[in-house]
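Below: one structure, written as structure tokens.
The values are calculated or read from the model by the stated rules, or taken from the named source; none is laboratory data. All figures in this text were calculated on a predicted structure; none of them were measured in a lab. Positions of Cβ are backbone-derived with ideal geometry, glycine not excepted, and every protein chain shown enters the neighbour counts. To get the accessible areas, we keep the full protein, side chains included, count just its heavy atoms, and leave off ligands, DNA and RNA. Shrake-Rupley method; radii C 1.70, N 1.55, O 1.52, S 1.80 Å.
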Amino acid sequence: MEKRLLLLACLVLPVLAMAQPATQTIRGKVVDKESKYPLLGVNVMLTTDQGETNGTITEDDGTYRLEDVPVGRQTLEFSYVGYETAVVNNIIVGSGKEVILDVEMDASTMDLGVVEIIGQRSGETRNEMAPVSARQFSVEETDRYAGSRGDPGRMASNFAGVQGADDSRNDIVVRGNSPQGVLWRFEGVNIPNPNHFAIPGTGGGPVTVLNNKYLDNSDFFTGAFPAEFGNSIAGVFDLRMRNGNNERHEISAQLGFLGTELMAEGPLSRKSGASYLMSYRYSTLQLFQFLGIQVGTDAIPQYMDGAFRLNFPTKKGGNIALWGVGGWSDINIVLSDQEAPDTSTFLYGQNDRDQYFGSLMGVTGLTLTQPFSSNTYLKATVSASNQRVDANHDQIYRHVEDGLFVVDTLPPILDYTFEESKISFNAYINQKLGRRVTLKAGLNADYQFMTYFDSARAITTTPDTVLLGDWRVRWDANDAALLLQPFAQLKYKAGERLTLLGGLTSLYFSINKNSFSPLEPRLGMTYDLGKNQRLSLGYGLHSQNLPGYLYYYASETKGNDPQEQNLDLGLYKSHHVVLGYDRFVSKNMRLKLETYFQYLFDIPVDTFSSSFSIVNAGSGFSRLFPGKLINEGTARNYGVEATLERFFNKGYYFLFTGSVFDSKYRGSDEVWRNTTFNGRFAFNLVLAKEFTFKKGSAFNLGGKLTTVGGRWYGPVDDIASREALEIIYVSETVNTEQFRPYFRADVKASYRWNRPKVAHEFSIDFINVSGKQNILTLTYAPDHPSGNPIREEYQLGFLPIFFYKLDFSLGKK
């Protein structure tokens, strides 16, 4: 009890502190969007939420500064002769940290009026080569949306055409595609799955390794993306990391349900403008266990993650940055410690064994950005990354004596280690060929080292006992392969209304001769219809390799030598075409419509007549164990998406997104079926109201409603499931039955207040306030008390998630 009171006091006492008048500084740098060259003499105008104005102009290095800015939500407008005016809305100014806002301005062929930028306003991407199916998201959005938990993946599930895989993970399904089709980029290079407890071959996990506090505004693509993005058929996260404050030391601390965090940033040299940024987070669930607070499961996950960035400006507006991101996670699901039946609560895991699982990922890199002139700049990144997963299982043999369990033996039945390391390189040159034409060309390369080892024992159930067979080695691989992806793309402003885009890329994976896609065209156009309306069109041919471990699986082992059967599998590909329409219904409201068609081909399927297809894999906590596969499957996705967004203005905003779609695939049996992810509809409504008070404090109350069509499954093969001790569906009737629709309602409340040099925020997310039990999947539990081994696994119930954040500055500038 004393421990809990101490924790409560730490959270509540800061809330009782009285706010005092506070101001802050807004500063940054303005550059040309396509050359990254500093702009001198840009007019910067501030409009406060009280309607007051203040202004300045940029210096010869493109920098600007506005001091004594009142705390609260503010607006900045940037105007410059020959450039489209840029307006940045809803800048949250707090007393604890300076606002460093860098802006890229787009040169215009003529006076096109005001163009809103940065995700808070219009969601226009930073990437000028993306005409359709692209959106920029801001750090503020990952915090603002109820249920997002500061996670880019969960936040993206609010966008049209995107749905979450389930409550327990942040996998995302883009237009009916498997989550494994999502590409993660960080500072331009491909990175491993950036999530704790990541399962090989998936794109998500229960908790993200990333922290939104060190991310810069980033782009998210859902189809027909530019030529610089390869090895993906579903979507792309193009993430950027911000620099630390180069004038003032600042600290941010946070205590929350998902982690205890500490971040520091500041100058390394005020003379040169060099800066540092460091972040660390440790799982708070471990703290709750220490305090005796129940969190819904007796298996407490442990994880920690961190990041750093050292930035060094160079001459003529360039800079060099050394950065890194990484995380470690571990969970032990130990049922052999149970003293009596049904005394423990485990959200995940099988009930006949002890399970030990650990994972880690890390990436560190060096990035050079250098403008050469007002028309040309270079960006290059080299990085090294590693991802490792370890798992061990022990079978439980026990009996009940006097109402208590007595463990007989705990023989090991599974041992596996999967590890992938990469040396990655990304470089491109951006060249303005006059005011109308921009060329971007470069290369992405990954040299990947792969180590996969897995050994397991066969398990046979009888009416009286469970029998263990001999060990079989299923994976034993140590290999390396090179992935190359050159690209070139061109943007041509044909006139005051029409912009044309074109690009070419190629994908080569040296693992075999079949993994080569020589030419992949990307085409696009935008046409200004007038009256705040725009029409857009995009097309792309995309390809992707398989998760590395699938090439080396052996369904048969001779001696201790696995007979690998899929080393010759090639890339699977898709044609994707998108037509879009945008209209600003009013100054603060935007309507966006898109319709798309995607045809997927060369998909790995079984060599014999079967319903299996790789398009149904890539989510959940299980690996895939395929037989011999061949690139002869097909699939198709089509749908219509709508977004109606009211930007944050006069204290409130809302975002409504809706998708109606169909996703079908064809296996080697030539039968068209629903994909597992063919929910057919997805609707989201996110809204919030902010109440402001004196001295810059504010209370925000928001909510989210989500409904999505259920996943598809089929009748269970009882005999095969009992033999395999897991759910096996009847192949002929796979995905002929559908779970009931998913529904969830979230509510979020937060209070933000300021004192001189210190800003506080307390927030609580009420997840699934209705307590709706959404079905996750079917599981096989041979010892289930009901006697029925096949049972429904449900999503999380009602769950409150809180955090308290403290930002403060150290000393004077």
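Looking only at residues in segment 561-575 that are among the polar types (S, T, N, Q) and either closer than 13 Å to Gly548 by Cα or modelled with pLDDT of 95 or more (or both), the one that is farthest from the chain's Cα centre (by Cα) is Asn566. Under the condition of being assigned to a loop (DSSP other than H, G, I, E, B) and at negative phi, which residue from segment 612-621 is surrounded by the most Cβ atoms within 10 Å (Cβ to Cβ)? For segment 612-621, the residue satisfying everything is Ser619.
Regarding Asn211, is this residue of a type in the set (S, T, N, Q), over 20 Å from Lys379 (Cα atoms) and in a loop (DSSP other than H, G, I, E, B)? Yes. Just so you know, in segment 535-548 the residues that are open to solvent by less than 10 Å² (accessible area, probe 1.4 Å) and among the hydroxyl-bearing types (Ser, Thr, Tyr) include one that is farthest from the chain's Cα centre (by Cα), and it is Ser536.
Of everything listed in (1) part of a strand (DSSP E or B); (2) of a type in the set (Val, Ile, Thr); (3) modelled with pLDDT under 90, the single unmet condition for Thr345 is (1). Close contacts from segment 260-272, counting a first residue that is in contact (Cβ under 8 Å) with a residue 60 or more places away in the chain and a second that is surrounded by 14 or more Cβ atoms within 10 Å (Cβ to Cβ), with Cβ to Cβ under 7 Å and a gap of 6+ residues or different chains, come to Gly266/Gly244; Gly266/Asn245; Gly266/Arg248; Gly266/His249; Gly266/Glu250; Gly266/Ser275; Gly266/Tyr276. Sort out which residues of segment 515-534 are surrounded by fewer than 20 Cβ atoms within 10 Å (Cβ to Cβ), within 22 Å of Ile233 (Cα to Cα) and touching a Phe, Trp or Tyr at 6+ places or on another chain (Cβ under 7 Å), and write them in order of number. Passing the criteria: Phe516, Leu523.
Only one entry in Asn392, Asn386, Asn444, Asn430 is polar (S, T, N, Q) and open to solvent by 40 Å² or more (accessible area, probe 1.4 Å), namely Asn392. Looking across Gly538, Gly530, Gly495, one residue alone is over 30 Å from Asp454 (Cα atoms) and without any contact (Cβ under 8 Å) to a residue 40 or more places away in the chain. It is Gly530.
In segment 632-645, the residue that is most open to solvent (accessible area, probe 1.4 Å) out of those that are under 18 Å from Thr595 (Cα atoms) and of a type in the set (S, T, N, Q) is Thr643. Listed by first and then second residue, the pairs with beta-carbon distance under 8 Å, at least 6 apart or on different chains, first residue in segment 513-527 and over 17 Å from Gln544 (Cβ atoms), second open to solvent by 40 Å² or more (accessible area, probe 1.4 Å) and hydroxyl-bearing (Ser, Thr, Tyr), are Leu523/Tyr539; Gly524/Tyr539.
Kindly indicate whether Ser609 is out of contact with any strand residue (DSSP E or B) (no Cβ under 9 Å at 6 or more places or on another chain), open to solvent by 60 Å² or more (accessible area, probe 1.4 Å) and either modelled with pLDDT of 95 or more or over 30 Å from Glu128 (Cβ atoms) (or both). For Ser609, the condition - out of contact with any strand residue (DSSP E or B) (no Cβ under 9 Å at 6 or more places or on another chain), open to solvent by 60 Å² or more (accessible area, probe 1.4 Å) and either modelled with pLDDT of 95 or more or over 30 Å from Glu128 (Cβ atoms) (or both) - is met.
Evaluation of Asn512 against the conditions (1) at pLDDT below 95; (2) open to solvent by less than 30 Å² (accessible area, probe 1.4 Å); (3) assigned to a loop (DSSP other than H, G, I, E, B) shows that the sole unmet condition is (1). If the condition is being at pLDDT below 90 and not in a loop (DSSP other than H, G, I, E, B), then segment 714-732 contributes Val716, Asp718, Ile719, Ala720, Ser721, Arg722, Glu723, Ala724, Tyr729, Ser731.
For Ala130, the conditions (1) over 15 Å from the mean Cα position of the chain (by Cα); (2) surrounded by 24 or more Cβ atoms within 10 Å (Cβ to Cβ); (3) of a type outside the set (Asp, Glu); (4) modelled with pLDDT under 75 all hold with the exception of (4).
Conditions (1) under 23 Å from Glu128 (Cα atoms); (2) of a type outside the set (Gly, Ala, Ser); (3) at pLDDT 85 or above, marked per residue:
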residue: Arg27; (1), (2), (3): no, yes, yes
residue: Thr56; (1), (2), (3): no, yes, yes
residue: Arg65; (1), (2), (3): no, yes, yes
residue: Ile100; (1), (2), (3): yes, yes, yes
residue: Ala107; (1), (2), (3): yes, no, no
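Considering segment 646-685, and only residues there that are within 22 Å of Arg583 (Cβ to Cβ), open to solvent by 60 Å² or more (accessible area, probe 1.4 Å) and of a type in the set (Phe, Trp, Tyr), the residue that is farthest from the chain's Cα centre (by Cα) turns out to be Tyr652.
Specify the residue that is surrounded by the most Cβ atoms within 10 Å (Cβ to Cβ); the eligible residues are those in segment 374-383 that are of a type in the set (Ser, Thr, Tyr) and at pLDDT below 95. Here the residue is Tyr377.
May I ask you to verify whether Gln136 is open to solvent by less than 10 Å² (accessible area, probe 1.4 Å) and in a strand (DSSP E or B)? Judged against the criteria, Gln136 is a match.
The strands (runs of 3 or more DSSP E) located wholly in segment 21-98 that include 1 or more residues which are more than 17 Å from Arg752 (Cβ to Cβ), of a type in the set (S, T, N, Q) and open to solvent by 20 Å² or more (accessible area, probe 1.4 Å) occupy 43-47, 53-57, 63-70, 72-79, 85-93.
Give me the residue from segment 351-373 that is surrounded by fewer than 21 Cβ atoms within 10 Å (Cβ to Cβ) and of a type in the set (Val, Ile, Thr) and, out of that set, nearest to Lys315 (Cα to Cα). The residue in question is Thr369.
With respect to (1) open to solvent by less than 20 Å² (accessible area, probe 1.4 Å); (2) under 13 Å from the mean Cα position of the chain (by Cα); (3) within 30 Å of Thr63 (Cβ to Cβ), the lone exception for Val162 is condition (3). Considering segment 488-509, the residues that are open to solvent by less than 70 Å² (accessible area, probe 1.4 Å) and outside any strand (DSSP E or B) include one that is farthest from Asn545 (Cα to Cα), namely Gly495.
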